[in-house]
Amino acid sequence: MPLKVLIVGAGICGPAMAILLRRSDPGNSVTIIERYPGIRHNGLQIDLRSWGVPIMRRLGLMDIVREKVVHEPGLSFIDSKGKIHGTFGTSGTDSGAQSFTSEFEIMRGDLAQLLYEASLKDPKTGKMDPQPTAEEVDAEAENKPGVRYRFGITHKTIIQDDDGVDVTFSDGTQRRYDLVVGADGQWSRTRRMIFGEEEGLAMFKPLNVYTAYFTIPKLASDSDYALYYHAGAGRGIAVRAANRSTTQVYLMVRTDSEEVKKGIERQSVETQVDAFEDIFKDAGWQAVRFLKGMRTAKDFYADSLGQIRAPHVVKGRVALLGDAAYCAAPVTGMGTTVSLIGAWTLAGELARHKGDVKTALEAYDVNVRPYIKKSQTLPPGVPWIMALQSNWAIKLFHLFVSFVAFFKIDKLLFAIMPEDRGGLAIPEYPELNLQGTS
């Protein structure tokens with residue numbers, strides 16, 4: 001039985017969910033709303049790992065991913081003089097088992113765009129759906145099969161009953177859906193709507209880490225290898241410049257300071273820039289260059305890092321997906337991957353239960369849980385090892401990575417790590433009708 005679905009958020013997992021819904025039943029009617037005026041092409045480098053790689057392969061999108069990947073040869077740890085203390089290359093494998101740097105590093109905007117375009121392709125003809133104007137997306141249009149996007153709009157209220165969900169939008173229009181999927185990020189409005197503002201916010205469990213991301217003009221001397229510099233006092237700087245015309249800069253600080261929290265978490269860009277400048281003004285290495293570039297960067301983004309620990313990822317006919325439901329935190333390297341396995345599981349259960357939305361969502365809530373647990377497991381020593389406090393701790397770390405790199409211990413560890421992370425294989429849903437094998 002075809003479903004009428006609303007997806008909130010056109011980032012990564014929203015369009016991925018739309019692809020899966022369309023492949024499983026071309027009769028499904030899917031509307032995606034996004035508060036920004038279009039697909040957001042900002043955001044820096046992300047990667048595909050573990051279950052994310054075979055999922056993209058089954059969607060038939062790996063050839064496109066390979067065309068877009070950032071060819072970053074590996075990661076080096078350096079000191080304030082730029083001296084390298086340990087370098088770790090990619091895994092060199094076309095699978096989900098990856099090293100510190102994945103074989104499938106891709107810019108967030110490129111992945112969002114390719115998923116957006118794939119969601120609009122008719123699974124039978126391969127042709128792109130023409131997208132209606134805002135005026136043309138009326139109640140009748142949303143009853144038709146296919147995928148449509150409504151940009152520059154958000155939801156104001158969600159009222160559900162046993163048979164459906166009534167949604168009021170910011171433009172005053174109202175629609176009714178069989179289910180709503182909240183894929184609207186770490187601070188998800190959908191999550192706060194269905195669980196309550198206070199409870200929804202309390203599901204965010206902070207790591208006491210704050211990060212800024214932005215790009216600056218690239219210098220000829222910038223390495224193709226990703227570089228990580230421990231600045232001491234709980235600070236770290238990462239730089240990535242491979243295969244791009246600009247250099248990506250990541251500033252990270254670990255602290256339990258309330259002053260820092262108030263200056264960064266959910267604040268204006270101007271306030272956040274001031275906060276990071278104050279924190280990193282004496283950080284050494286190339287901090288002066290980075291802070292100067294931060295002041296003029298057009299793509300600056302900052303936030304606190306943490307994980308969403310929701311006791312349930314569904315309520316009635318509303319389901320949460322991706323960071324809105326189980327943000328893993330960027331330090332795990334699993335954010336994109338767990339978003340994809342979540343979309344895969346939710347779409348698979350909806351296809352399997354053929355219109356029985358409540359049963360499908362209950363099954364999703366249970367069956368996605370092991371993947372959430374694995375994805376949210378922090379690597380040993382993370383995040384404190386990324387933001388060391390003292391000079392002696394930094395020197396000891398450099399000695400350790402030099403030893404590991406010299407004896408290639410990292411190669412041994414990554415070689416024996418399973419692609420499906422902890423022995424969890426991708427759940428099989430033949431009902432999704434996927435043919436992709438690229």
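The values are calculated or read from the model by the stated rules, or taken from the named source; none is laboratory data. This one's a predicted model, so the numbers in the text were calculated from it and none came from an experiment. Neighbour counts are summed over all protein chains in view; Cβ atoms, including those assigned to glycine, are modelled from backbone coordinates with ideal geometry. What goes into the accessible areas is simple: the full protein's heavy atoms, side chains included, and nothing from ligands, DNA or RNA. Shrake-Rupley method; radii C 1.70, N 1.55, O 1.52, S 1.80 Å.
Tell me, yes or no, whether the range 321-336 has at least one residue that is within 19 Å of L201 (Cβ to Cβ), free of Cβ contacts under 8 Å to residues at least 60 places away in the same chain, under 14 Å from the mean Cα position of the chain (by Cα) and not in a strand (DSSP E or B). Give the steps one after another, and end with the answer.
Initially, the range 321-336 is screened for residues within 19 Å of L201 (Cβ to Cβ), giving 321-329.
Next, from what is left, pick out any that are free of Cβ contacts under 8 Å to residues at least 60 places away in the same chain: 326, 328.
Of the ones still in play, those that are also under 14 Å from the mean Cα position of the chain (by Cα) are 326, 328.
Cutting the leftovers down to not in a strand (DSSP E or B) gives us 326, 328.
So far as the range 321-336 goes, yes, one or more of its residues are within 19 Å of L201 (Cβ to Cβ), free of Cβ contacts under 8 Å to residues at least 60 places away in the same chain, under 14 Å from the mean Cα position of the chain (by Cα) and not in a strand (DSSP E or B).
Scanning the range 212-228 for residues that are more than 20 Å from the chain's Cα centre (by Cα), open to solvent by 10 Å² or more (accessible area, probe 1.4 Å) and either at positive phi or touching a residue at least 12 places away in the same chain (Cβ under 8 Å) (or both) turns up P217, K218, L219, D222, S223, D224, Y225, L227, Y228. The residue that is farthest from E105 (Cα to Cα), counting only those in the range 235-249 that are basic (K, R) and either without any contact (Cβ under 8 Å) to a residue 40 or more places away in the chain or in a strand (DSSP E or B) (or both), is R235.
Highlighted here are the strands (runs of 3 or more DSSP E) found entirely within the range 1-92 that include at least 2 residues which are among the polar types (S, T, N, Q): 29-34. Scanning the range 182-204 for residues that are assigned to a strand (DSSP E or B) and touching a helix residue (DSSP H, G or I) at 6+ places or on another chain (Cβ under 6 Å) gives a single hit, G182.
Among the residues of the range 350-404, those identified as in a helix (DSSP H, G or I), within 20 Å of L6 (Cβ to Cβ) and in contact (Cβ under 8 Å) with a residue 24 or more places away in the chain are L350, A351, V357, K358, L361, E362, Y364, D365.
Looking only at the range 307-320, count every residue that is assigned to a strand (DSSP E or B) and either open to solvent by 20 Å² or more (accessible area, probe 1.4 Å) or touching a helix residue (DSSP H, G or I) at 6+ places or on another chain (Cβ under 6 Å) (or both) and tell me the total.
Residues flagged as assigned to a strand (DSSP E or B) and either open to solvent by 20 Å² or more (accessible area, probe 1.4 Å) or touching a helix residue (DSSP H, G or I) at 6+ places or on another chain (Cβ under 6 Å) (or both) within the range 307-320 amount to 6.
Counted as qualifying within the range 135-175 are the strands (runs of 3 or more DSSP E) with 2 or more residues that are open to solvent by less than 20 Å² (accessible area, probe 1.4 Å) and touching a helix residue (DSSP H, G or I) at 6+ places or on another chain (Cβ under 8 Å), namely 146-151.
Here's the yes/no breakdown for (1) hydrophobic (A, V, I, L, M, F, W, C); (2) within 22 Å of D303 (Cβ to Cβ); (3) at pLDDT below 90:
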{"position": "M1", "(1), (2), (3)": "yes, no, yes"}
{"position": "K4", "(1), (2), (3)": "no, no, no"}
{"position": "G11", "(1), (2), (3)": "no, yes, no"}
{"position": "M17", "(1), (2), (3)": "yes, no, no"}
{"position": "R23", "(1), (2), (3)": "no, no, no"}
{"position": "P26", "(1), (2), (3)": "no, no, no"}
{"position": "S29", "(1), (2), (3)": "no, no, no"}
{"position": "I32", "(1), (2), (3)": "yes, no, no"}
{"position": "L44", "(1), (2), (3)": "yes, yes, yes"}
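Among the candidates K262, K292, K205, K298, the residue that is open to solvent by 40 Å² or more (accessible area, probe 1.4 Å), of a type in the set (D, E, K, R) and within 20 Å of the chain's Cα centre (by Cα) is uniquely K205. Out of all the residues in the range 336-344, is one or more touching an Asp or Glu at 6+ places or on another chain (Cβ under 9 Å), open to solvent by 10 Å² or more (accessible area, probe 1.4 Å) and more than 16 Å from S50 (Cβ to Cβ)? No: zero hits. When I409 is tested against the conditions (1) within 24 Å of I237 (Cβ to Cβ); (2) at pLDDT below 95, the lone failure is (1). Once the range 358-390 is narrowed to residues that are of a type in the set (S, T, N, Q) and modelled with pLDDT of 95 or more, the residue that is surrounded by the fewest Cβ atoms within 10 Å (Cβ to Cβ) is S390. Considering the range 1-55, and only residues there that are farther than 20 Å from T125 by Cα and among the polar types (S, T, N, Q), the residue that is surrounded by the fewest Cβ atoms within 10 Å (Cβ to Cβ) turns out to be N42. Across the range 272-285, the number of residues qualifying as without any contact (Cβ under 8 Å) to a residue 24 or more places away in the chain and in a loop (DSSP other than H, G, I, E, B) comes to 2.
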